[in-house]
Amino acid sequence: MTYTFADHGSDGELPKHRLYYLGLPTPVASVAAPISAGANTVTPSSMTGVYLGALLSVMDVDQSHAEVVTVTAVAPTTFSATFVDPHAAGWIFNSSAPLYWTDHRDFDIEWNGHRWLSQPITPGAISNQPDGQSGTFKIADADNVIFPILAGTNGGELSLAEIWEAAFSPSNKTPVPDDVVQVFSGRVDSAKATTDQEDSIEFTLMPPVQSDAGELPSRLISTLVREYASQTDSFTSSGGATFTASLTPVRTVSVTVNGFPATIAYGYTYTVSGSVLTVSPAPTSGLAVTWTYFHL
């Protein structure tokens, strides 16, 4: 059975927009240097999922000294937090990347203590199956934020997924809905990259009852990760603006110049055409340039 909606209360409210929550995990990262208890600023192997206010699950490699810390400051390659325990060299951590989205195109929606960010989402059908609900939806990933997280976590398999319908009365022009009804609660079954009209990620959702290992789909890795692998090329600038990849890129994850992201905020921008990266302005001779991308 496919869900449909109507104004049963005759109050002029119709569910017009959906709210999407995804609890995507982030890859485990490590920190080479040991730290003592207290406030520390550290340089991890990856900053994926690290943001101001993020909760990080921390432990030593032998799984001792487990704790949860809150990120108090971030920089391009470091973060700061206060630790209860000391941690030995090579300690590890990971985070979760809670994503709050809405397919409302006019403004973000404020509800349940969160800001649900307006995103270019194409809603898919939500239906009842013999073992529960299933559904799909697709979101554009033009800024390459979602793809790297998914590629490092088996396409987000088994991540918690919840969807609500937000109702607005005809006279309500605020970002706060008049009524919200949950229409899906389950997990991500798989995610894959699509290229119809624009780069996007299509999520397939599965019933919540499929939660034990014996009930999971037979594949061990998602379509997303099967199709792509990552590569980082490192260059030393000779004063030119172009750099050639060692493999054939299909999607750029990041570009850094002298250790900083190549963005307007750090003084650089970049474009990619085939296997050629162009950085503007051309990095000064001797500066380090890295290009991380996914390839088939």
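Some observations on this one:
- Two-site FRET efficiency, Thr248 against Gln129, from Cβ-Cβ distance with R₀ of 30 Å, rounded to 0.05: 0.15
- Spacing of the two label points (7 Å from each Cα toward its C-beta) at Ser275 and Ser169, in nm: 6.3 nm
- Label-to-label distance, Asp179 versus Arg105, with points set 7 angstrom from Cα along the beta-carbon direction: 2.6 nm.
- Here is the size of the stretch 27-94 from its Cα atoms: Rg then Dmax, 10.3, 28 Å.
- Length gained when the stretch Val68-Thr290 is fully extended (0.36 nm per residue, less Cα-Cα span): 76.8 nm
- Length gained on full extension, Ser30 to Asn112: 26.1 nm, using 0.36 nm per residue less the C-alpha separation.
- Compared with the direct C-alpha span, the chain from Lys16 to Thr41 gains 4.5 nm at full extension, assuming 0.36 nm per residue.
We did not get these values from a lab; they are worked out from the coordinates using the rules stated. Values in this document were obtained by computation on a predicted structure and should not be read as measured data. Glycine gets a Cβ as well: all are built from the backbone with ideal geometry, and neighbour counts include every protein chain shown.
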